[in-house]
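FYI, it's all coordinate maths here, none of it is from the lab. As the structure is a prediction and not an experimental result, all values here were calculated from the model. Counting neighbours? That spans all protein chains shown, and the Cβs are built from the backbone with ideal geometry, glycine included.
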Amino acid sequence: MSEGQQHDEGSIERLVQGYRRMMERLKAAIEEAGEEAKPTLEENLRRAQEKAVELGELTREEAEKVAGYLRRDLEDAAHYLEDTGSELAQWLRFDLELIEDRLLDMLLTVADRTRLELAEFERQMQRAASYHTGEITGPGVLRCTTCGEELHFREPGHIPPCPRCHGTEFQRVSA
């Protein structure tokens, strides 16, 4: 493994950990605010992003990337829950027992809050349509748009090229 590859893997792990920490901060902010003072998801995400930069966990550029990945995943989950009335397990498309309890709790809290916010301005938002190699995604299943190969993520992770055709664009698969 070359030094460049080690650096890349370290950078990817840094982004994955940043994703997880931002999700934790979003959940904490939502729980703290309660129903009375309703800062928007966008405000809470901005605060989580600033905290990651302030603590030196991520650079400003990395924090913006991770916030974008997190926003995309939460919007996608919220749209799915709103459109189908289904459970989060169907969006994730695998057994919830395989996801650690803490991560599941964060996803449920933040996705539900996101769903509520999306209902208020549904027509103004476009669906997060595609996922690309090099980005970070939350748990779930992504399907290669070129060959149909499915990638299963049980926790936040880096999206690699398709193992079958080396494609770089994916769609989220929901049950």
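Structural remarks
- Sorting Ser174, Ser130 by the number of Cβ atoms found within 10 Å of their own Cβ, with the fewest placed first, yields Ser130, Ser174.
- Going from the fewest other Cβ atoms within 10 Å to the most, the residues Glu62, Glu31, Glu75, Glu82 appear in the order Glu31, Glu82, Glu62, Glu75.
- Calculated FRET efficiency for the pair Arg14/Cys165, C-beta based, R₀ 25 Å, to 0.05: 0.30
- The H on the amide N of Gly134, modeled in the peptide plane, is under 5 Å from the matching H of Ile159, each at least 5 residues off or on a different chain.
- Taking amide hydrogens as placed 1.01 Å from N in the peptide plane, the amide H of Ser174 sits under 5 Å from that of no residue at least 5 positions away in sequence or on another chain.
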